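Beneath this line is the structure, given in structure tokens, with notes to follow.
The values are calculated or read from the model by the stated rules, or taken from the named source; none is laboratory data. All values reported here derive from a predicted model rather than from experimental measurement. No Cβ is skipped: glycine too gets one built from the backbone with ideal geometry, and neighbour counts run over all protein chains shown. In case anyone asks, the SASA skips ligands and DNA or RNA and just uses the protein heavy atoms, side chains included. Shrake-Rupley method; radii C 1.70, N 1.55, O 1.52, S 1.80 Å.
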Amino acid sequence: MPPHLVRRFIKPLLFLLCLVPFLSVVWRALELGGTDLGANPVEAVQDTFGQWGLRFLVITLAITPLRDWFNAPWLVMLRRMLGLFAFAYVLLHFLTWLLLDQGLYWSGILADIAKRPFITIGFAALLMLVPLAVTSTNKMMRRLGKRWKSLHRLVYLISLLAVWHYYWQVKADVREPLVYATIVAVLLGWRAFKAARRSHARTASSLGRVRDGSERA
Amino acid sequence: MLIKRPRPGDTARIAPSEITPERVYVSRRELLQGALALGAGAAAPALALGATQRSLQFARNGRYSTDEKLTSYEDITTYNNFYEFGTAKGAPAANSGRFKSMPWSIGIAGEAEVTGTFSLEDLLEPHALEERIYRMRCVEAWSMVIPWVGVPLGAVLKRFKPTSKAKYVAFKTVLRPDEMPGQRSRVLAWPYVEGLRIDEAMHPLSLLAVGLYGKTLLNQNGAPLRLVVPWKYGFKGIKSIVEIRFTERQPPTSWNLSAPHEYGFYANVNPNVDHPRWSQARERRIGGGLFDSRVPTLMFNGYEQEVASLYAGMDLAKYY
Ligand code: HEM
């Protein structure tokens, strides 16, 4: 895929697509076209944003493996936008909880963050997303150099916390959280596999060099 | 009219004449032939039975009422926890179309002088239906205000003459994976079971409901017969009941089996005892808009005066 095509068409299209979940919530909140948010609108909004936060995290995490499997380097050009959408939806999920569900009832909010493990880890995941969003600009990438990549590896931990948060939140039906857990395991597993293969190749080639004497040469 | 289906362990059998006066039997026959249940005296069948939903005849019980705003029929019938039809809130309304709640019979078993299998009509015939407006508090921290139609559970149970060994009452939901798609996955151990201490079951607030908003229950609300115990979390209100058993020992209950540290046998609404994963101090009243805030949860869901004495001296944090 030529870069200018990605930049001119695919990226703007994807941007609009990523807005759809948000717009659908607004649409239903305004009860347009005979739609509504159902019996428990606050829960509907909060759950929709949480679900999409998790989906965008997983989609962002999938970019590198998909690039490898389908030999599609251009996919990486979409990654920053997807990651920022993940952050935006998680933030909306959090703000819905804070403002609409808890209604800024601070004693309850602080107690929940401190005492409810599923909220504690969700909150930790949100906090970790902040530096990633802040350092997502080209300028910050240049400024951080090599450290940028190490910093952004935080997303592996964030994804695990996010799935765990979901798993812990459901009452008995853990099937969906387990689907996400499986996907995240595959996406992270691929990276571990690549890393292992690389280090194995390095070891093998250096051993090879020692054996045939080329090391000294 | 008694459905005689011998069961091992049945101690005594009720004669049809004991439970069904003839004139009721006749009028019910007419009813089943399609006649409408129009007021024909005190013992008239107030319950119109059929394949489709019917209007019920009942008297409003002013003592057990509230002037709080009723939750809309739409919300009560589309936002449900009834895992037999799926775990999403909309699943019971969407997936319960194939469920057949008629005809229906209920087994009465265990520590009672009178046991056996009874048709729903026989079970309810002697009782006048009443409407009671109760708050319903779900363990997930949301609540509704529901105008139930039903009969006092205690009055029904007494007819079966529980013995002195009957310390508890155990309830069971029907097991029909063909009609209840949720039962095909093992989210909970099916069939759903619940239980009450006998004094809780005999408490005047405990209700066997057959309808709401003046009409027979829809499948998603537990047709044709469900339990309503308004001072306890909603999951105690077992739906589509097929068996009531008097027991000497505390019976197992489904959510307690699923997660014993989160759901106890008692499950009394208590704002001071949190669920391990969320606070029970405040609840969201269904039917509010996006900007409505939560309201404080009341001890025993606001029925403290009526029921607190049942638990005198008990540590409610231990017996949650
Ligand atoms: C990476 C960050 C997060 C992700 C991906 C995420 C995702 C999710 C998902 C998928 C659900 C389940 C929604 C459903 O039932 O359909 C959920 C539920 C929930 N999350 Fe998060 N979440 C995150 C952070 C947070 C934070 C920071 C908070 C608050 C401090 C929070 C509070 C909640 C609550 C209270 C629920 C339960 C909502 C309910 O009962 O319906 N989450 N979250």
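Data for the structure
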| read-out | value |
| --- | --- |
| Environment charge at B:G214 (Cβ cut-off 14 Å; Lys +1, Arg +1, Asp -1, Glu -1) | +2 |
| Cross-link reach list, lysines versus B:K158, counting only Cα pairs under 30 Å and skipping chain neighbours closer than eight places | B:K4, B:K100, B:K167, B:K172, B:K215, B:K232, B:K236, B:K239 |
| Amide hydrogen neighbours beyond the local backbone of B:V242, cut-off 5 Å, H modeled | B:K172, B:T173, B:V174 |
| Nearest-10 value in Å² for the accessible area of B:H261, using the 1.4 Å probe | 120 |
| Drop in accessible area of at least 40 Å² in the complex versus isolated chain, residues of the range B:50-88, 1.4 Å probe | B:Y79 |
| Computed accessible area, B:Y311, all protein chains, 1.4 angstrom probe, square angstrom | 10 |
| Residue (of A:L99, A:A133, A:A86) at the positive-pole extreme of the range A:1-155, dipole from beta-carbon charges | A:A133 |
| Solvent exposure ordering (accessible area, 1.4 Å, most first) of A:K194, A:K115 | A:K115, A:K194 |
| Largest to smallest accessible area among B:D274, A:D47 [probe 1.4 Å] | A:D47, B:D274 |
| Karplus-derived HN-Hα couplings along the range B:106-114 (A = 6.51, B = -1.76, C = 1.60, θ = phi - 60°), whole Hz, x at Gly and Pro | 10, x, 10, 9, x, 7, 8, 6, 10 |
| Counted charge near B:R277, where neighbours are those whose Cβ lies closer than 11 Å (Asp, Glu -1; Lys, Arg +1) | -1 |
| Where the protein assembly as shown is the region considered: accessible area per residue in Å², 1.4 Å probe | 48 |
| Dipole magnitude of the range B:67-108, debye to nearest 20 (Cβ charges: Lys/Arg +1, Asp/Glu -1, about Cα centre) | 280 |
| Kirkwood-based shape ratio for the range A:78-202, expressed as Rg/Rh from alpha carbons | 1.03 |
| Estimated distance in nm for a label pair at A:H200 and B:S164, the labels positioned 7 Å out from Cα along Cα-to-Cβ | 7.6 |
| Cα gyration tensor shape of the range B:125-173, rounded if a/c is under 1.5, else prolate or oblate by comparing a/b with b/c | oblate |
| Order of exposure, largest accessible area first, which applies to B:I286, A:I113 with probe 1.4 Å | A:I113, B:I286 |
| Of A:S205, A:S159, A:S150, the one that fluctuates the most in a GNM where chain A has Cα springs shorter than 10 Å | A:S205 |
| Alpha-carbon Rg with Dmax, taken over chain A, Å | 21.1, 78 |
| Eligible lysines near A:K146 by straight Cα distance, threshold 20 Å, same-chain separation 8 or greater | A:K194 |
| Apportionment of accessible area to carbon and sulfur, the protein assembly as shown, percent (1.4 Å) | 61 |
| About the Cα centre, charge dipole magnitude for the protein assembly as shown (Lys/Arg +1, Asp/Glu -1 at Cβ), debye | 3080 |
| In Hz, Karplus ³J(HN,Hα) per residue of the range A:140-147 (6.51, -1.76, 1.60; θ = phi - 60°; x = Gly, Pro) | 5, 4, 5, 5, 7, x, 5, 5 |
| Other-chain or far-sequence residues with amide H under 5 Å of B:V145's (modelled H) | B:T71, B:M136 |
| Global form of the range B:19-311, assessed from the alpha-carbon gyration tensor, a/c cut-off 1.5 | rounded |
| The range A:3-216 - charge dipole about Cα centre, Lys and Arg +1 at Cβ, Asp and Glu -1, debye rounded to 20 | 1720 |
| Per residue convex hull volume, Cα atoms of the protein assembly as shown, in Å³ | 220 |
| Contact surface B-A: accessible area buried, both sides summed, square angstrom, 1.4 angstrom probe | 2100 |
| FRET efficiency estimate (nearest 0.05) - Cβ-Cβ, A:L19 to A:Y156, R0 35 angstrom | 0.85 |
| Amide H partners (placed H, <5 Å) of B:V139, local residues excluded | B:G234, B:F235 |
| Signed unit charges on C-beta, dipole axis of the protein assembly as shown, positive-most listed residue B:G110, A:I121, B:T216 | A:I121 |
| Phi-based couplings in Hz for the range A:40-50 (Karplus 6.51, -1.76, 1.60; Gly and Pro marked x) | 10, x, 4, 4, 4, 5, 4, 5, 4, 5, x |
